[in-house]
Every structure is written in structure tokens, then in C-alpha cells.
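I have placed the structure first, in the form of C-alpha cells, so that the comments after it can refer back to it.
Quick note: the coordinates plus some simple rules give every number you see, no bench work behind them. In this text, all values refer to a predicted model and were calculated from it rather than measured experimentally. Every residue, glycine among them, receives a Cβ derived from its backbone with ideal geometry; neighbour counts consider all protein chains shown.
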Amino acid sequence: MTSVPNAMKQVDDVEHPTEGTVMRTKRTLVAAAMGIAAAAVIPAGLASAEEESASEVIARLQSQGYTVNIDKVGSGPIDSCTVTSVRNPQSVSQLVPYIGPGFNGDNRILVPQITSQTVSVSLVC
């Protein structure tokens, strides 16, 4: 009878995952999946930049609502430049009152609205 209680005690001492541990694991897996999806999208955008002239890339980004910051190496005109990278897309948003159908005119409900978007484009001329 001496070995059985010790064996049972050892089994009972094994830590079982708690609900918090399971939720953290799920969040980690979701974050990893989002990172992989973002990594798959970014090269597609850069590949299209390689097929366009520098002026076309800048115009496309501006038409998408971005303020484009240009880093240029060389003294040639932009038309003769090559895009080496498009990086650091950033969005700034603020919370504004929801105005629209539903919620019976309750203006205490806030929704995020993008106020500005910037991106950096590096050129070699």
C-alpha cells in the first residue's frame, strides 16, 4: 500500500491546462496565423512595385489614400528612378461618435476612423 498512494499522488500533482492557458494558446495561434497571412500579402505588393515605374508606384499609393514619404539616393529625375522598397505603412485613427441608423441616436458609441496613412518609398536614381 506504500507505493500505490505515492503513484496516485504523482498523477494528481500533474498540472492540467486551465481555461486561461487554453485561451492564451488560441490567441497565440491566431496571431501567428495573421502574421503568416500578412507575410504572404506583402511580397505580392512589392512584386507589383517592381513592374511599375517609380512615378506609377507613388501615384498608386497616393490614390489609395497614403501620404508618401520618398527616400531618394541619387540626383536623377524620379522618372529614371527604380523603387527599391515600399515600407512602414502606418495608419493613425481616432474615435468619433457613431452617426447613423440604429442605436436610437445614442452618440456615446464611438467607432475608429482613419485620419491619416503614411508609407515610405525608397528610390535609387
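Extension gain for the segment THR82 to ILE114, taken as residue separation times 0.36 nm less the Cα-Cα distance, is 8.5 nm to one decimal. Efficiency by 1/(1 + (r/R0)^6): what FRET value for VAL124 and VAL96, r their Cβ-Cβ distance, R0 = 35 Å, to the nearest 0.05? In this case the efficiency is close to 0.30.
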